Amino acid sequence: MLNYAFKRILTIIPTLFAIITLTFFLMRIAPGGPFDEERPLAPAVLENIQASYGLNKPLIEQYFIYIGNLLQGDMGPSFVYRDKRVHEVLAEGLPISITLGGTALLLALIIGVFLGSIAALNQNKKTDVFIVTFATFGITTPNYVIAPILTLIFALTFSILPATGWGSPSQMVLPVVSLALPQIAIVTRLMRGSMLEALKSDHIRTARAYGLPITHVVGKHAMRSALLPVLSYLGPAAAALMTGSIVIEQIFNLPGIGRYFVTSALNRDYTMVMGTVIIVATLVLVFNLIVDLLYTVLDPRVRYD
Amino acid sequence: MNTQTSVLNIQDLVVDFDTPDGVVHAVKGVSMAIAPGEIVAIVGESGSGKSQIAMSVLGILASNGKASGKILFNDQDILHLPRKELNSIRGSKISIIFQEPMTSLDPLYRVGEQIMEPLRAHKGLSRSEAKKRALELMRQVQIPDPERRFKSFPNEMSGGQRQRIMIALALANEPDILIADEPTTALDVTTQAEILKLLAELNKQLGMSIVFITHDLGIVEAFAERVYVMQSGEVKEFGSTNAIFKTPKTEYTKTLLDAEPEGAKEPVKKTQDIVLETEKMDVVYGHAPRFLQKDTRFHAVKDTSLRLHKGQTIGLVGESGSGKSTLGRALLRLTESTGKIVYLGNNIDKVPLKSLKPLREELQMVFQDPYGSLSPRMTVLNIVEEGLQTHKPQLSKVERQKLSLSTLEKVGLDPSVRNRFPHEFSGGQRQRIAIARAMVLQPKVVVLDEPTSALDRTVQKEVLELLRSLQSEFSLSYIFISHDLAVIKVMADYVMVMKNGKIIEEGVTQEIFERPRQNYTKSLITSSFNLKELLSEV
């Protein structure tokens, strides 16, 4: 197990390296540059600025300089937020984004698993139909529609919750719920399906035939089998939450890293784009690793040796 | 037998299933009584409703099933008990072992843990008390090294050991009745004999009644005191095992008893042409150790030589995992192997797979599972004529269909079924379709991989007859793979016994069965044919 974890961590490094290299060169192929403005700068000025950022060096040399700095934990200067280093900018926003995404994921998992199980246990009854309808609604409605509606109801009409900002727990509610809702819906559907299958399996029949209490049959035996497909979904879910947070952070005006995603790419803020890509890629890779390791805990048949 | 002396008394049990095609009457008013300490068998073919009786007793019918009538356990009707009250009886007073030891245990929990569950649920034992008792039970069902095995997961155990765990689970609360639903069908013959022996011993020691549900009359004769014979949801006949076997009263029981495979095959002359020959064949799965990867090599077939004459049937026997199916596939080059393969004097082991195609029509295979090996989206006619399209493109559509229909007729299917799909046929009919698909190409060699193992005995007999008549009509050569020695004995004229990928004994059928040299062969034969003696030692 430890051996496997170690091996997987080792494979993350070349993957990450490939992503960094690809992004670096793709970024430079894109037309335009960080200092293109509506009124072009005087050629001499532009040259000076480029020289001060090292952009006049051959591309390959710039690449190696960047990698060298990166290995020392320096993501370089931002071309737009000129007085700051990229990693400083990201370090400010990252905790907020992680809190937002993490809470949403936890919420999706708890509520989704609960609703999915309830639906499966009441298959084809009213409760089931209600939950499935809710889940279908949640999957089909994008969060940039849900967020304004929730804001309209809870912030503007009833003034129970603040519409924007970050810091107090009450400010977290709307963004987290908007971000989590589609994921709750997906997890619910997944859980319902896998729970139905688990309940039909032979070992559940055994558990019932041996007169084990129903809480035991469902809560211990069926639940664990049913959780496996949900667990596999957590990797993609984390990625979906990451991209979802770009929209949500914009709508609720949150100081996370989501906004840099879009603006830095549009501004050709090379180093900032690299920074966000590295952060997101690392998070997704690490999260998938965690999911795979959790899988071995939940399913003893999966052994990575 | 009256109600007072029976521990379980089933009266007018009716089980109906609500299906999209209408109501299916699975059990139609069955009554039976089981006395304390008695071993009773319920015999019948698949679909006779025998398992549904067990499911009704334990309240585990599928959700679309409904049972009515009475099931008296010690004079208490348990059929209509609320779940909580039923839970205090099932797993405690009445327990069950199922056919599939693979799936009946939860794959995610350690087996020891699972044995502890009913102990804790019914007797309220503490963890350590339950563990002590679980280890005791594992010892009782003869699991070697129970302390270590306690921590195993089901997938780390063999089928036989898993079934022992299931029995330990069933015995945990010393039940009055043990229902065994085809508990040995998925096991090898030697394992089957061990499990039956264990059950017989436990019956003697603990005095619990055993209800044994099976389709295998050999087991019934050796194991049960009384028998209920069931057909399409009804009890056709019941009585003591001796009486039923000596003087069966109904036609149905007679056909069942008659269904044991019979006959023998004359050995072919040594001068007959050799059709297929291998020398020093090896099949290895997996790969050699690589950087950061373990050695996954598994030697499935080791150093095997075989010579198949024209018109001969070589019976390949061995337990599951012995490599017999792999050998069968490797002979037709459906699995990569090393070593020589000679077909009609031509070396075919080095020929590229593409140029092997013309030979494929002469080298055919019939598989065990008649459900999985036919495409569910093709009609019977399409299935049979598909091979002709590839191998005999010169035939016109009309000629092709004519040939296919005559083959269908030859395997005993009415040509009018040509436009039906596989799911509309029974298992036996499906296997006939699979045989027709192979035979339409007029093959010279057919590898039959457990062709009758999934079929009922009466159907098995018909299919064996069919294979025999096809063989003599076209002087076919068969490689007949089976774990069932009764079938091999009547079908093959030459037998090869496989164990761990190796042929450990071979010879003319009669000789092998009368004078086996290897202990392994001996134990296979005893487990298959002398079950009664084996159990009478108990």
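The values are calculated or read from the model by the stated rules, or taken from the named source; none is laboratory data. These numbers come from a predicted model, not from an experiment. Every residue, glycine as well, gets a Cβ built from its backbone with ideal geometry; the counts of neighbours run over all protein chains shown. Heads up: the accessible areas ignore ligands, DNA and RNA and are worked out on the full protein's heavy atoms, side chains in. Shrake-Rupley method; radii C 1.70, N 1.55, O 1.52, S 1.80 Å.
Observations on the structure shown:
- Filter pass, residue B:380 being open to solvent by less than 50 Å² (accessible area, probe 1.4 Å), in contact with a strand residue (DSSP E or B) (Cβ under 9 Å, 6 or more places away or on another chain), of a type in the set (A, V, I, L, M, F, W, C) and at pLDDT 90 or above: no
- Of the set (1) open to solvent by less than 20 Å² (accessible area, probe 1.4 Å); (2) assigned to a loop (DSSP other than H, G, I, E, B); (3) away from every other protein chain (no Cβ under 11 Å), all apply to residue B:47 but (1).
- Residues in region A:77-121 that are open to solvent by 40 Å² or more (accessible area, probe 1.4 Å), in a helix (DSSP H, G or I) and among the β-branched types (Val, Ile, Thr): A:98, A:99, A:103, A:110, A:111, A:118.
- Selected residue (only one of B:154, B:118 is in contact (Cβ under 8 Å) with a residue 12 or more places away in the chain, within 32 Å of the chain's Cα centre (by Cα), over 30 Å from residue B:14 (Cα atoms) and at the interface with chain A (Cβ under 10 Å from one of its Cβ atoms)): B:154
- Check on residue B:89, surrounded by 15 or more Cβ atoms within 10 Å (Cβ to Cβ) and closer than 22 Å to residue B:229 by Cα: no
- Among the residues making up region B:303-349, those that are hydrophobic (A, V, I, L, M, F, W, C) and open to solvent by 30 Å² or more (accessible area, probe 1.4 Å) are B:334, B:344.
- Filter pass, residue B:31 being open to solvent by 40 Å² or more (accessible area, probe 1.4 Å) and of a type outside the set (Phe, Trp, Tyr): yes
- Exclusive hit being of a type in the set (A, V, I, L, M, F, W, C) and surrounded by 14 or more Cβ atoms within 10 Å (Cβ to Cβ), set A:1, A:27: A:27
- Looking across region B:176-209, the residues that are open to solvent by less than 20 Å² (accessible area, probe 1.4 Å) and assigned to a loop (DSSP other than H, G, I, E, B) come down to B:182, B:183, B:184, B:187, B:208.
- Failed criterion for residue B:432 (all others in (1) free of Cβ contacts under 8 Å to residues at least 40 places away in the same chain; (2) open to solvent by less than 50 Å² (accessible area, probe 1.4 Å); (3) not in a helix (DSSP H, G or I); (4) not hydrophobic (A, V, I, L, M, F, W, C) hold): (3)
- Single residue of B:225, B:266, B:262 found to be acidic (Asp, Glu) and modelled with pLDDT of 90 or more: B:225
- Residue match in region B:288-299 (condition: farther than 22 Å from residue B:265 by Cβ, touching a residue at least 40 places away in the same chain (Cβ under 8 Å) and not charged (D, E, K, R)): yes
- When region B:354-369 is limited to residues that are open to solvent by less than 40 Å² (accessible area, probe 1.4 Å) and not hydrophobic (A, V, I, L, M, F, W, C), the one that is modelled with the highest pLDDT turns out to be B:364.
- A Cβ distance below 7 Å, combined with a sequence gap of six or more or placement on separate chains, defines the contacts here; from region B:50-75, residues that are within 20 Å of residue B:34 (Cβ to Cβ) and within 12 Å of another protein chain (Cβ to nearest Cβ) reach residues that are surrounded by 14 or more Cβ atoms within 10 Å (Cβ to Cβ) and of a type in the set (Lys, Arg) in the pairs B:58/B:90; B:59/B:90; B:60/A:205; B:60/A:208.
- Output for region B:391-423, where each listed residue is in contact with a Lys or Arg (Cβ under 8 Å, 6 or more places away or on another chain) and open to solvent by 60 Å² or more (accessible area, probe 1.4 Å): B:421
- Meets criteria (touching a residue at least 24 places away in the same chain (Cβ under 8 Å) and β-branched (Val, Ile, Thr)) for residue B:398: no
Yes or no, residue by residue, for (1) among the aliphatic types (A, V, I, L, M); (2) under 27 Å from the mean Cα position of the chain (by Cα):
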| residue | (1), (2) |
| --- | --- |
| B:30 | yes, yes |
| B:69 | no, no |
| B:81 | yes, no |
| B:84 | no, no |
| B:130 | yes, no |
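- Only residues that are without any contact (Cβ under 8 Å) to a residue 60 or more places away in the chain, surrounded by fewer than 17 Cβ atoms within 10 Å (Cβ to Cβ) and under 13 Å from the mean Cα position of the chain (by Cα) were counted in region A:240-283, giving 1.
- Being more than 30 Å from residue A:53 (Cβ to Cβ) and either within 10 Å of chain B (Cβ to nearest Cβ) or β-branched (Val, Ile, Thr) (or both) holds for only one residue in A:246, A:279, A:251, and it is A:251.
- Check on residue B:131, within 14 Å of chain A (Cβ to nearest Cβ) and over 29 Å from residue B:230 (Cβ atoms): no
- Residue in region A:58-76 that is buried (at least 19 other Cβ atoms within 10 Å of the Cβ) and not in a helix (DSSP H, G or I) present: yes
- Counting only helices (runs of 4 or more DSSP H) that sit completely within region A:145-257, those holding 1 or more residues that are in contact with a strand residue (DSSP E or B) (Cβ under 8 Å, 6 or more places away or on another chain) and either modelled with pLDDT of 95 or more or closer than 20 Å to residue B:105 by Cα (or both) correspond to A:202-209.
- Close pairs (7 angstrom Cβ cut-off, 6 or more residues apart or separate chains): under 16 Å from residue B:155 (Cα atoms) and within 7 Å of chain A (Cβ to nearest Cβ) in region B:85-105, open to solvent by 60 Å² or more (accessible area, probe 1.4 Å) and modelled with pLDDT of 90 or more anywhere: none
- Just so you know, in region B:142-151 the residues that are open to solvent by less than 50 Å² (accessible area, probe 1.4 Å) and modelled with pLDDT of 90 or more include one that is farthest from the other protein chains (Cβ to nearest Cβ), and it is B:146.
- Within region A:135-158, residues that are closer than 26 Å to residue A:193 by Cβ have Cβ atoms under 7 Å from residues that are β-branched (Val, Ile, Thr) and modelled with pLDDT under 90 in these pairs: A:143/A:247, counting only partners at least 6 apart in sequence or on another chain.
- Looking only at region B:62-85, residues that are outside any strand (DSSP E or B) and crowded, with 18+ Cβ neighbours inside 10 Å come to 2 in all.
- For residue B:372: the one exception among (1) of a type outside the set (Asp, Glu); (2) open to solvent by 10 Å² or more (accessible area, probe 1.4 Å); (3) at pLDDT 90 or above: (3)
- Restricting region B:106-115 to residues that are among the hydrophobic types (A, V, I, L, M, F, W, C) and closer than 21 Å to residue A:298 by Cβ leaves a set whose member that is nearest to the other protein chains (Cβ to nearest Cβ) is B:108.
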